[in-house]
């Protein structure tokens, strides 16, 4: 993880310093802020709570470092200023939420003041596996849309404006918003 995080920080620094890049969209697998189906793993592990995490024989397992590393990653993302959205898969649903310095991101409901610029987290895992319902997390109240069915996402960029549509397999628009601009 150290090398991967350093690489991401370097790439984000390059984009920040490149005047020809206006918008950055990132893609990854395991959600930073899972909402359904992966709150026991992903980048959350039940908030790292050792009472909620066990090893293969049932011993308590401290996963707080996962949440700490997730925060390091999101700090780099949010401090860039050009990252519009981070798309994740893994969870079999669609959901959209804005993460910023006021979003509750820890077990105690506290936020991370180092998330300086708001960035959209988009989870798009609607390719047809069994779908997950929304689960309770500290940030559940910040989830703007949750859709547990087949879908795909389409991003449109026109100058400084970036827009998103989430479209069901029947063609219905299940979410539409302006991401920036």
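Since every read-out is calculated from the coordinates, none of them should be taken as a lab result. For clarity, every value in this text was computed on a predicted model and none was experimentally measured. Reconstructed Cβ throughout: ideal geometry from the backbone, glycine too, with neighbour counts over all protein chains shown.
Highest GNM mean-square fluctuation, the chain, Cα pairs closer than 10 Å: which of 118, 78, 170? Taking springs between Cα atoms under 10 Å, the residue moving most is 170.
Going from the residue with the fewest nearby Cβ atoms within 10 Å to the one with the most, 94, 45 rank 45, 94.
Rounded to the nearest 500, the helix-only mean residue ellipticity at 222 nm of the chain stands at -6000 deg cm²/dmol, with each DSSP H run of n ≥ 4 adding -39,500 (n - 2.57). For the chain, set up a Gaussian network in which alpha carbons nearer than 10 Å are linked by springs, and say which option among 93, 114, 80 fluctuates the most. Comparing 93, 114, 80 in a Gaussian network model of the chain, the most mobile one is 114. From the list [x] 1.04; [y] 0.99; [z] 1.16, can you say which value of Cα Rg over 2.2 N^0.38 Å was derived from the structure given? Step by step, Cα Rg over 2.2 N^0.38 Å for this structure corresponds to label [x]. Counting every other Cβ atom within 10 Å of each residue's Cβ, 122, 173, 39, 8 order from fewest to most as 173, 8, 39, 122.
Relative contact order for the stretch 2-150: 25 percent, from Cα pairs under 8 Å spaced at least 6 residues apart, divided by residue count.
Please identify, among 100, 71, 136, the residue showing maximal mean-square fluctuation in a Gaussian network model of the chain using a 10 angstrom Cα cutoff. Ranking 100, 71, 136 by mean-square fluctuation puts 136 first.
Here the label points at residue 118 and residue 106, each 7 Å from Cα along the C-beta direction, are separated by 2.3 nm in the simple model. Here the simple spin-label model places points 7 Å from the Cα toward Cβ, and for residue 82 and residue 168 these points are separated by 3.8 nm.
In plain terms, the chain from residue 72 to residue 2 could stretch by 24.1 nm, reckoned as 0.36 nm per residue minus the Cα-Cα distance.
Model label points for residue 177 and residue 28, set 7 angstrom from Cα along the Cα-to-Cβ axis, are 1.9 nm apart.
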